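The values are calculated or read from the model by the stated rules, or taken from the named source; none is laboratory data. Computed from a predicted model, the values in this text were never measured in an experiment. Cβ placement follows ideal geometry from the backbone for every residue including glycine, while neighbour counts extend to all protein chains displayed. The accessibility values were calculated without ligands, DNA or RNA, using every heavy atom of the protein model including side chains. Shrake-Rupley method; radii C 1.70, N 1.55, O 1.52, S 1.80 Å.
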Amino acid sequence: MSDDFNMSMRKFLKQVGVTSQQAIEEAMRNADTGGKAFPVKAVITIPELGLSHEVTGEIKGQE
């Protein structure tokens, strides 16, 4: 793959990671999580390419 492709991909994924972490941390701070585990899902789509990629997991809140 080209350097331009790799750089644009890394830039996008970094932005997804950083902004998602900030949003999740803020939501957890504003809630009484009591150590409860929350299901989480992230979806990345590129409609023009017919791509829909879903990642699921769990995030445990602070006690």
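Assorted remarks:
- Looking across the stretch 3-26, the residues that are more than 22 Å from E63 (Cα to Cα), open to solvent by 60 Å² or more (accessible area, probe 1.4 Å) and β-branched (V, I, T) come down to V18, T19.
- Of the residues making up the stretch 20-44, those that are without any contact (Cβ under 8 Å) to a residue 12 or more places away in the chain and small (G, A, S) are A23, A27.
- Residue list for the stretch 27-46, restricted to those being outside any strand (DSSP E or B) and open to solvent by 100 Å² or more (accessible area, probe 1.4 Å): R29, N30, D32, K36
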